[in-house]
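Structure, as structure tokens:
The values are calculated or read from the model by the stated rules, or taken from the named source; none is laboratory data. Bear in mind the structure is a predicted one, so any value in this text is a computation, not a measurement. Note: ideal-geometry Cβ built from the backbone for every residue, glycine included; neighbour counts use all protein chains shown.
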Amino acid sequence: MMKFLENIIDTLKYKKLRALEMKRWLGILIYASVYFSIEAYASANNIEFYIWDTALTTSIIVLTIILGNFFCGWLCFMQRFQDAIGIVGRLILRSKYNNLINQKNRNKIKWIKYILAGVTILVPLVLSSYNVFIKFWGWAFSIGMIFTLVERRAYCKYFCFIGALFKLASIKNKKILIRNQSNCTACNLCSVVCPQDCDPAKKDGSISKDLWCTSCNRCKTVCPSNAIVKEKI
């Protein structure tokens with residue numbers, strides 16, 4: 001519970017972080033409006049869900065290749081949904097919340113959702129069944145949200161295969177977050193505010209290459225010594 005309160009205090013304390021969160025909420029609201037507008041238009045014109053949803057996802061992947069992982073870091077409303085569930089988890093588990101799996105073990109299992117992404121896409125393609133894809137997603141979503149009662153943003157970390165696709169699409173992007181160790185004062189604040197548990201304070205060089213990093217820029221925003229910067233490689 002104390003760590004949860006510390007995160008809230010950090011968000012309120014730093015003006016830049018507050019501004020960043022406001023921009024993120026604005027991005028989420030804009031995307032949600034676009035998404036549900038497309039859904040309403042498709043429904044009114046009898047356009048099948050899999051057609052417009054696939055077209056939208058493909059468009060985001062193309063933009064991700066060009067712009068980087070902007071969707072996960074700035075537009076995804078699933079993150080906020082998980083944060084709300086996480087509040088319940090913290091109230092129940094208190095200090096045990098988000099501490100049942102240590103950082104060392106987290107680093108060993110970050111590839112799980114990438115395997116899930118391959119299975120979730122390949123199996124429906126082999127079976128030529130979109131319904132199988134929806135079932136796979138339903139199970140992944142349900143298990144991920146339940147697990148979020150124990151681990152912060154568990155769906156993003158372990159089960160979101162769409163996020164895995166966006167991350168893979170952003171790998172070749174030239175602008176990445178870098179931790180300059182010579183400027184770091186070891187305050188650990190960047191790791192405290194990281195919602196994905198990427199532990200940027202321990203990174204030697206690129207932060208964006210972390211399989212969980214969504215390029216949300218929280219670490220960069222709170223760094224008091226400008227040790228974390230966005231550079232073009």
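Check whether at least one residue in the range 82-96 is of a type outside the set (Val, Ile, Thr), farther than 25 Å from residue 202 by Cα, out of contact with any strand residue (DSSP E or B) (no Cβ under 8 Å at 6 or more places or on another chain) and free of Cβ contacts under 8 Å to residues at least 12 places away in the same chain, and report yes or no.
yes
Regarding residue 66, is this residue among the aliphatic types (A, V, I, L, M) and in a helix (DSSP H, G or I)?
Answer is yes for this residue.
If you go through the range 92-112, how many residues are of a type in the set (A, V, I, L, M), modelled with pLDDT of 90 or more and either loosely packed, with under 14 Cβ neighbours inside 10 Å or not in a helix (DSSP H, G or I) (or both)?
The qualifying residues number 1.
In the range 119-131, how many are in contact (Cβ under 8 Å) with a residue 24 or more places away in the chain and closer than 19 Å to residue 169 by Cβ?
2
Which of the residues belonging to the range 32-90 are among the hydroxyl-bearing types (Ser, Thr, Tyr) and at pLDDT 90 or above?
Filtering the range 32-90 for residues among the hydroxyl-bearing types (Ser, Thr, Tyr) gives 33, 35, 37, 41, 43, 50, 54, 57-59, 64.
Hits for the range 32-90 are 33, 35, 37, 41, 43, 57, 58, 59, 64.
Would you mind finding the one in 51, 28 that is loosely packed, with under 12 Cβ neighbours inside 10 Å and in a helix (DSSP H, G or I)? Walk me through it before giving the result.
Details: 28 fails: loosely packed, with under 12 Cβ neighbours inside 10 Å.
Exactly one residue qualifies, and that residue is 51.
Evaluate the following for residue 59: is it exposed (fewer than 14 other Cβ atoms within 10 Å of the Cβ), on the phi < 0 side of the Ramachandran plot, polar (S, T, N, Q) and over 20 Å from the mean Cα position of the chain (by Cα)?
Criteria not met by residue 59.
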